[in-house]
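A.B. asks: Encoded as structure tokens, here's the structure I'll be asking about.
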Amino acid sequence: EWHLWRLKMIEKSSALIINKNCELLVVKKRSNDSHYILPGGKLDPFEKPEEALIREVKEELGVNVVDFKFVDTVIEKSQFEDVSLKMYLFETTISGMPIASSEISCIQWINILSYVPTEDLATGITTYAIPYLKSKYSENG
């Protein structure tokens with residue numbers, strides 16, 4: 001029973017997309033809409049995390065990545081599968097207005113500074129993305 005989920009691992013690139021109102025973009029997947037997750041997706045074989053980020057943001061949100069900055073790699077239990085998730089987090093700048101496309105059922109903007117935890121936010125958002133962004137944006141005023 002000792003954390004068997006660590007034996008299997010999937011790799012995902014995740015986008016931290018912030019708008020001018022200090023809000024983080026989160027999405028729900030059509031296949032499992034119980035939780036909001038960060039936009040992005042699994043790496044294809046031999047694909048670099050940066051390539052997956054650009055491809056997935058285009059597929060899921062219908063927008064182009066114009067800039068990105070690697071933030072961190074985190075490993076946690078996947079929200080939807082009984083496996084370990086290795087997540088590459090990128091601060092991501094996009095061009096255009098994101099819309100739910102492909103496997104995404106809906107998108108939502110959550111305010112970083114006035115954020116209140118809710119049950120429908122995945123742990124990648126509550127444990128890593130929000131604390132990182134909150135400290136960054138509260139420092140910058």
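The values are calculated or read from the model by the stated rules, or taken from the named source; none is laboratory data. In this text the structure is predicted, and so the values were computed from the model without any measurement. We place every Cβ from the backbone using ideal geometry, glycine too, and count neighbours over all the protein chains shown. Side chains included, ligands, DNA and RNA excluded: accessible areas come from the protein's heavy atoms. Shrake-Rupley method; radii C 1.70, N 1.55, O 1.52, S 1.80 Å.
A.B. asks: Does region 51-59 contain at least one residue that is open to solvent by less than 60 Å² (accessible area, probe 1.4 Å), at pLDDT 95 or above and of a type in the set (Lys, Arg)?
C.D. replies: Yes, region 51-59 contains a residue that is open to solvent by less than 60 Å² (accessible area, probe 1.4 Å), at pLDDT 95 or above and of a type in the set (Lys, Arg).
A.B. asks: Within 21 Å of Ala129 (Cα to Cα), touching a helix residue (DSSP H, G or I) at 6+ places or on another chain (Cβ under 6 Å) and of a type in the set (Gly, Ala, Ser), is that true of Ser34?
C.D. replies: Working: within 21 Å of Ala129 (Cα to Cα): yes; touching a helix residue (DSSP H, G or I) at 6+ places or on another chain (Cβ under 6 Å): no; of a type in the set (Gly, Ala, Ser): yes.
Here the answer is no, as Ser34 does not meet what is asked.
A.B. asks: Quick check on region 61-81: of everything there that is within 11 Å of Ser95 (Cβ to Cβ) and in contact with a helix residue (DSSP H, G or I) (Cβ under 7 Å, 6 or more places away or on another chain), which residue is least open to solvent (accessible area, probe 1.4 Å)?
C.D. replies: That would be Val63.
Condition check ((1) farther than 12 Å from Leu16 by Cα; (2) out of contact with any strand residue (DSSP E or B) (no Cβ under 6 Å at 6 or more places or on another chain)) across all residues:
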{"site": "Phe70", "(1), (2)": "no, no"}
{"site": "Thr73", "(1), (2)": "yes, no"}
{"site": "Lys77", "(1), (2)": "yes, yes"}
{"site": "Glu81", "(1), (2)": "yes, yes"}
{"site": "Leu89", "(1), (2)": "no, no"}
{"site": "Trp109", "(1), (2)": "no, no"}
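A.B. asks: Inside region 111-135, can you point out the residues that are surrounded by 15 or more Cβ atoms within 10 Å (Cβ to Cβ), assigned to a helix (DSSP H, G or I), in contact with a strand residue (DSSP E or B) (Cβ under 9 Å, 6 or more places away or on another chain) and not aromatic (Phe, Trp, Tyr)?
C.D. replies: Thr123, Gly124, Ile125, Ala129, Ile130, Leu133
A.B. asks: Sticking with this structure for a sec: In region 85-109, what residues are surrounded by fewer than 18 Cβ atoms within 10 Å (Cβ to Cβ), assigned to a strand (DSSP E or B), under 16 Å from the mean Cα position of the chain (by Cα) and not charged (D, E, K, R)?
C.D. replies: Thr93, Ser105, Cys106, Gln108, Trp109
A.B. asks: In region 1-72, which strands (runs of 3 or more DSSP E) lie fully inside it and hold 1 or more residues that are polar (S, T, N, Q)?
C.D. replies: 9-17
A.B. asks: Could you list, in sequence order, the residues of region 58-94 that are among the hydroxyl-bearing types (Ser, Thr, Tyr) and in contact with a Ser or Thr (Cβ under 6 Å, 6 or more places away or on another chain)?
C.D. replies: Hit for region 58-94 is Tyr88, nothing else.
A.B. asks: Right, something else. Can you tell me which condition Ser138 does not meet? The list is (1) surrounded by 12 or more Cβ atoms within 10 Å (Cβ to Cβ); (2) touching a residue at least 12 places away in the same chain (Cβ under 8 Å); (3) among the polar types (S, T, N, Q), and all the others hold.
C.D. replies: (1)
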